[in-house]
Amino acid sequence: MKEIFVAAEADIPEGGRKVIAAEGVEVGVFRIDGTLKAWRNECPHQGGPVCQGRVMKGVEERLDDERRSLGIHYKDGSLHVICPWHGYEFDIRTGRHTGLDRIRLSSHPVSVRDGAIYVGIHG
Ligand code: FES
């Protein structure tokens, strides 16, 4: 596995991201809750550039006991990235599709060394 330089640590602040291309693949690196996550920039649906999609809190609908809608709201603590091609939505922390657990982003190992961020890419 090759380690590829992504950015200086300070260049991806909390809530930030950077997408790099190297060795024939694209990887998106996100910082959330102080943790770096690296996902392949290839949507499991049809290969769209998912890591370049809009980032926002998840939206959910509350129901009362009789399953009547109480309206939709942003779900506290959630953070999703939305694929720009067809709108598949993934939890940035886990890489899981928000509706179908078996659909997931592919992860890459990420590390920090001497103030720089690196991702591992299979050669
Ligand atoms: S390619 Fe991402 S939603 Fe279709």
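The values are calculated or read from the model by the stated rules, or taken from the named source; none is laboratory data. The structure displayed is predicted, hence computed values, not measured ones. Ideal geometry is used to build each Cβ from the backbone, glycine not excepted, and the neighbour counts take in all protein chains shown. These accessible areas exclude ligands, DNA and RNA; they are computed on the full protein's heavy atoms, side chains included. Shrake-Rupley method; radii C 1.70, N 1.55, O 1.52, S 1.80 Å.
Here are the numbers for this structure:
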| quantity | calculated |
| --- | --- |
| Tally of residues being touching a Leu at 6+ places or on another chain (Cβ under 8 Å), open to solvent by less than 30 Å² (accessible area, probe 1.4 Å) and either aromatic (Phe, Trp, Tyr) or within 16 Å of the ligand (Cβ to nearest atom) (or both) across segment 81-123 | 3 |
| Glu23 out of contact with any helix residue (DSSP H, G or I) (no Cβ under 8 Å at 6 or more places or on another chain), charged (D, E, K, R) and within 19 Å of Val119 (Cβ to Cβ) | yes |
| Every residue from segment 3-21 that is among the charged types (D, E, K, R) and either crowded, with 16+ Cβ neighbours inside 10 Å or assigned to a strand (DSSP E or B) (or both) | Glu3, Arg17, Lys18 |
| Filter result for Tyr88 (touching a residue at least 12 places away in the same chain (Cβ under 8 Å) and in contact with a Ser or Thr (Cβ under 8 Å, 6 or more places away or on another chain)) | no |
| Residue list for segment 22-62, filter: in contact with a strand residue (DSSP E or B) (Cβ under 8 Å, 6 or more places away or on another chain), open to solvent by 70 Å² or more (accessible area, probe 1.4 Å) and away from the ligand (no atom under 16 Å from the Cβ) | Glu23, Lys57, Val59, Glu61, Arg62 |
| Qualifying residue in segment 35-58 (condition: modelled with pLDDT under 95, acidic (Asp, Glu) and either more than 10 Å from the chain's Cα centre (by Cα) or in a loop (DSSP other than H, G, I, E, B) (or both)) | no |
